[in-house]
1. Can you give me the three principal axis dimensions of region 419-578 from its C-alpha atoms, in Å, biggest first?
2. For region 138-152, what does the Karplus curve 6.51 cos²θ - 1.76 cosθ + 1.60, with θ = phi - 60°, yield as ³J(HN,Hα) per residue in whole Hz, taken in order and with x for Gly and Pro?
3. At a Förster radius of 45 Å, what calculated FRET efficiency corresponds to the Cβ-Cβ distance of Q491 and L601, to the nearest 0.05?
4. Radius of gyration and Dmax for region 236-346's Cα atoms, expressed in Å?
5. Place the peptides 180-186, 445-451 in order of packing, highest mean first, counting for every residue the other Cβ atoms within 10 Å and averaging per peptide.
6. Quick one: 3J(HN,Hα) in Hz for region 381-395, Karplus 6.51/-1.76/1.60 with θ = phi - 60°, rounded, Gly and Pro as x.
7. Accessible area of region 138-286 with a 1.4 Å probe: how many percent of it is carbon plus sulfur?
8. What FRET efficiency would be calculated for the residue pair K548, M133, taking the C-beta separation as r and a Förster radius of 45 Å, to the nearest 0.05?
Amino acid sequence: MNKILWITFVTIYISYVQSAVIDKDEFVTVEDNPYQNVNEIANPDVESARNERILWPYVAESTTKPENEENKTDEKDIKDVKPREKRFLHWSYPQSPIVDMMMQTMSVNYSPNVAGDPFDFLRDSYQLPEGKMLEEYDYIIVGAGTSGSVLAARLTEGKPKATVLLLEAGKPEMLLSDIPALAPYIKLTHYVWPYTMEHQPGVCLGSEEQRCYSPQGKAVGGSSVVNDMIYSRGRPQDWDRIAADGNYGWSYDEILPYYKKSERCELRKYKNATYSGRDGELTVENVPFRTGLVEAFLAAGRLHGNPTIDYNAPDQLGFGYVQTTQNRGHRLSAAKAFLHPHKRRKNLHILTDAKVTKVVIEPQTKRAYAVEYLKNHIKHTARCRREIILAAGSVGSPQLLMLSGIGPKEKLDVLGIPVISDLRVGKSLYDHIAFPGIVFKLNSNNASLQELKVATLPNLMQWLQFGDGLMTTPGLVEAVGFIKTSHSDGQLPDVELLNLGGSIVSDNGGAFRKSLKISDKTYVTAFSGLHGCDTWSAVPILLHPKSKGYLELRDNNPFSHPKLYGNYFTDPQDMETMKEAVKYVIKLGESEPFKKYGAQLYLPPYPNCQNHGPGSDLYWECAIRTMVVSLHHHVGACKMGPPNDPEAIVDPELRVYGVDGLRVVDLSVLPHTISGHMTAPALMIGEKAADMIKKIWSNVVV
């Protein structure tokens, strides 16, 4: 009944919104373009009662014993799982005007079916098709993230029918995660594993505890539920050098069909490009809303030799409007594209809130045949006939390998883990790092996106009805650019620029900077002078760091987060590249296209940079060391390589060396960073792995 009331409310209110008078002067400046219908923007003066707060009872999870009493978890096995007390708590989402409105309109007087989860009626659901588990499956996939979602969909299609068990530690996505503008808030919820890098002297000085925050997706859909939805494939040279290292089948020409297979391109100008896909499940589209700042950014790029292009084109390099994994302004996660339409398949079993703790391997034959997992604090074992496939992500997969006895012997011996295969798991870890500290103050009013302008009830209603408007902005990103600094090897761009329709101060120090874990002291000291001001920023990303990190187990407890060592800037060339990128962004901001906004470079007084002259090389190096952030694009911990590569964990068909029936299918297998973001490569890896697996088992009769 509550859902019916909510639908009725939305219908009535949308009718009101459509009849409202529009005052364009109240909105962010928008350049004319074929993708934007300004007349659909609603009246921002309508206010909502956003000061109320709702408390929900948080009831202990069910611990009903299964029929088989032997499956009960021993306390000594899982030492940090404790019974939860009954208490009153705020729901798990951070405070946001948008979320507040959703709560006021959707959840008032609603009694949740799932204790402690006021949003359970908004979540997708994945029930076992026939209500019970099978005794054995053809394939078990660990992780329903970006790669795992694609893989599960492909392995369960066609004939003969293979049975697949997909195990995911997180929850299904829900309506709040659909709103692109909420991307920073979603990164602060239980939809992520809240990993932090280990402390490194002289780096991440402005972060909480001086440790960079590097969350990974923990949801059905994985990081595609919490990221900024940017679709970029990397450059052809990225893949050609991976193939040149001895990884057959991974050249650009060989992986391009898999990119195209997943994609349903809705980019009007590039829809019919030969490298674009038109029949896939994942919609790729431009953001329906843009500020005028993106046109200034692109114009400034052209002035400095960077044409406006499709940045996914294999033969062009320059700047372009951001391409996103959205469908009509709504986030389109991998789960929504690949799992939701097929969740009624009888041969696909999707189990959520199920944490896998170990891959069970026969020590004599070294064949993986089962996994152990916990659900509702009860330990279960699932058996597999063909293959177990780890798609638990760049941190989760190497951690699970090591917990299962696959990893460096000297480390596993210390933790008392019997060694099955002595491999250098976790010894390579590369990451994309970025610097969000280049901010220009604008004299123009309503030129940039600010939360108080975006988070209005009319904008929410417009997004719900039309899928456009201010709430479609993906974490403020409006355009992407690739450049080569003087430190580039000439083949690949070494810096990516994210053009924002605002900056780190656009929400007055709210979720944007909190999702990066920038400390209160740093933010207040450096940026409080910009509160309420219109701003512009472009964030440089170091695409191919020379510095190499590593990952290792903290202990033998599967619930402990592993230790992540970034080793950022240990190679001095990385800092030189980043400083050159900063100067390039400043050159863009001071160019003619930004003069109509009165753009002036703001030099934040960072607490630990007071001894350096503002704007000097020493100042910028200090600023970078203070504000550097991880984009959590980790690769390399389960490195792919030929048999003669001593650091390789998996072969070019993603099979784990030394163990039969076990593969890794996610971004952790990439031996190098990619020139771009990671959603598209993760999708492609899932597609390619599905073909390789089906080819191996094509002659098996079910």
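The values are calculated or read from the model by the stated rules, or taken from the named source; none is laboratory data. Keep in mind that what you see is a predicted model, and the values were worked out from it rather than measured. Virtual Cβ from ideal backbone geometry, glycine too; neighbours counted across all protein chains shown. In case anyone asks, the SASA skips ligands and DNA or RNA and just uses the protein heavy atoms, side chains included. Shrake-Rupley method; radii C 1.70, N 1.55, O 1.52, S 1.80 Å.
1. 59, 43, 36
2. Those phi angles translate into 5, 10, 10, 10, 9, x, 9, x, 4, 5, x, 5, 4, 4, 4 Hz.
3. Efficiency, from the Cβ-Cβ distance: 0.90.
4. Every Cα atom of region 236-346 included, Rg and Dmax give 16.6, 57 Å.
5. Taking the mean over residues of other Cβ atoms within 10 Å, the ranking is 180-186, 445-451.
6. Working through the residues one at a time gives 10, 10, 9, 9, 8, 10, 9, 9, 10, 8, 10, 8, x, 5, 10 Hz.
7. After summing per-atom areas, the C and S share lands at 48 percent.
8. 0.60
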